[in-house]
Amino acid sequence: MRSRSRPATVLQVIPALDTGGAERTTIDVAAGLVRRGDRALVASAGGRLESELAAIGGELVRLPLASKSPAEIVRNAGRIAHELGRLEVDLVHARSRAPAWSALLACRRRAVPFVTTYHGIYAERGPLKRLYNSVMARGDRVIANSRYTAEIVAARYGTPFKRIAIIPRGADLARFAPEAVTADRRRALREAWGLSGGETLVLNVARLTAWKGQSVLVEAASLPPLSEIPDLVVVLAGDDQGRAGYRKAIEGEIAARRLARRVRAVGHVDDVPAALSLADVAVVASTAPEAFGRAAVEAEAMGVPVVVTALGAVRETVLAPPEVAPGRRTGWHVPP
């Protein structure tokens, strides 16, 4: 690394810049680097968030890094190594497994420091999958986004805690502030979702994938006590990210339970603060452990009551008895 008397050039690598916690954190870190006077680069295929990256002063290095093919990973290592030299990169920060393998090979070739952030609790179904996942624990420093994640990394890969830095994700408190959301933004979202403003709104913000628990929430909406609330509307706000089959299954379940007026799958939402400002309660319905759980933190920042399944790191960010005194409660835990 250059001395801090000179700006540093940091390259983050991630497959795409679409919806998701890792992608949002990539933008947050790029913004922090730019504010500090450093150069923030992101190697990625781009996507929904690339205009935001440009707006904050970051630079996109457009590379096709999503493939898990070993041959393509090696080819991408060459592409990244070329960019490391061309752009005089001081440090590489990998946020996803396939590009992390390419970045690791490139960094070893160019003698550039390599940092990883372990964003998710990856499934390990056999030795090959374990090997593939292990790249996220091979950084010169490994960032864990919660204590729960750090303990997983240490237990699975024997990574010493001195190499692990626990840096929780966060929410931008200037953006996620109730007073910062204008009436026009709330009105626009209400109209887009077909809401009158008189509903009791339960909001779930999560990409559409089975372990995020949307089907659990749909079932809950069909049962007492939720089914007995006359003005209840449940909004599932999240992109299917190509999982059309799961989206259709959710839509089919909504129709089968005759909940079309009460449960709405609205797709991706750009203005999450405005969405939360409309909500009476936010729900994190995940059926597998969250490595961090940004949706819960964003709801808390907006002052929205939050109910979470008591799995993984959300127990660190949403406080509830008996772990804390009743006066320190910031939400409610329920069994998954």
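The values are calculated or read from the model by the stated rules, or taken from the named source; none is laboratory data. Remember, predicted model here, so these are calculated numbers, not experimental data. Don't worry about glycine lacking a Cβ; one is built from the backbone with ideal geometry, like all the others, and counts go over all protein chains shown. Ligands, DNA and RNA are stripped out before the accessible areas are found, and what is left, the full protein with its side chains, is counted by its heavy atoms. Shrake-Rupley method; radii C 1.70, N 1.55, O 1.52, S 1.80 Å.
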Rg in Å to one decimal, and Dmax rounded to a whole Å, for the chain via C-alpha atoms: 20.9, 63
Nitroxide proxy distance, nm - points 7 Å out along Cα→Cβ at PHE161 and ALA256: 4.7
Charge dipole (the chain, unit charges on Cβ, about Cα centre) - positive-most of PRO160, VAL283, SER44: PRO160
Exposed-loop-free span, longest in the chain, where GluC sites (Glu not before Pro) count as exposed if DSSP calls them loop and at most 14 other C-beta atoms lie within 10 Å: 125-322
Residue-normalised accessible area of region 248-292, expressed per residue, 1.4 Å probe, Å²: 45
Lys, Arg +1 and Asp, Glu -1 on Cβ, resulting dipole of the chain about Cα centre, debye, nearest 20: 1340
Proximal aspartates and glutamates relative to LYS129, as straight alpha-carbon distance under 12 Å, when same-chain residues fewer than 8 apart are discounted: none
Those lysines that a straight Cα-Cα span of less than 17 Å connects to LYS212, excepting residues fewer than 8 apart in one chain: LYS248
Carbon plus sulfur fraction of accessible area for region 75-148, probe 1.4 Å, in percent: 54
Of the trypsin sites (Lys or Arg not before Pro) in region 107-210, those whose Cβ has at most 11 other Cβ within 10 Å and which sit in DSSP loop: ARG125
Accessible area in square angstrom per residue, region 55-146, 1.4 angstrom probe: 44
Probe 1.4 Å, accessible area per residue of region 1-53, Å²: 40
Net charge of Cβ neighbours under 11 Å - reference SER134; Lys, Arg +1; Asp, Glu -1: +4
Around ILE164: net Lys/Arg minus Asp/Glu count, Cβ-Cβ under 11 Å: +3
Segment ARG75-LEU87, length gained on full extension (0.36 nm per residue, minus Cα span): 2.5 nm
Which of THR25, THR330 is most accessible, then next, and so on - probe 1.4 Å: THR330, THR25
For region 27-76, size of Cβ-based charge dipole, Lys and Arg +1, Asp and Glu -1, in debye: 100
HN-Hα J in Hz across region 114-128 - Karplus 6.51, -1.76, 1.60, θ = phi - 60°, x for Gly and Pro: 10, 10, 10, 10, 8, 8, x, 8, 6, 5, 10, 10, x, x, 5
Within the chain, helix-based [θ] at 222 nm, where runs of 4 or more DSSP H residues each add -39,500 (n - 2.57), nearest 500: -10500 deg cm²/dmol
Formal net charge of residues neighbouring HIS119 (Cβ-Cβ distance under 12 Å; K, R +1; D, E -1): +3
Built amide H within the under 5 Å cut-off of THR9, gap 5+: ARG39, ASP90, LEU91
Region 186-336 - Debye-derived log10 I(q)/I(0), Cα point model, q = 0.15, 0.16, 0.17 Å⁻¹: -0.75, -0.86, -0.98
Anisotropy class of region 1-160 from Cα gyration tensor, a/c 1.5 cut: rounded
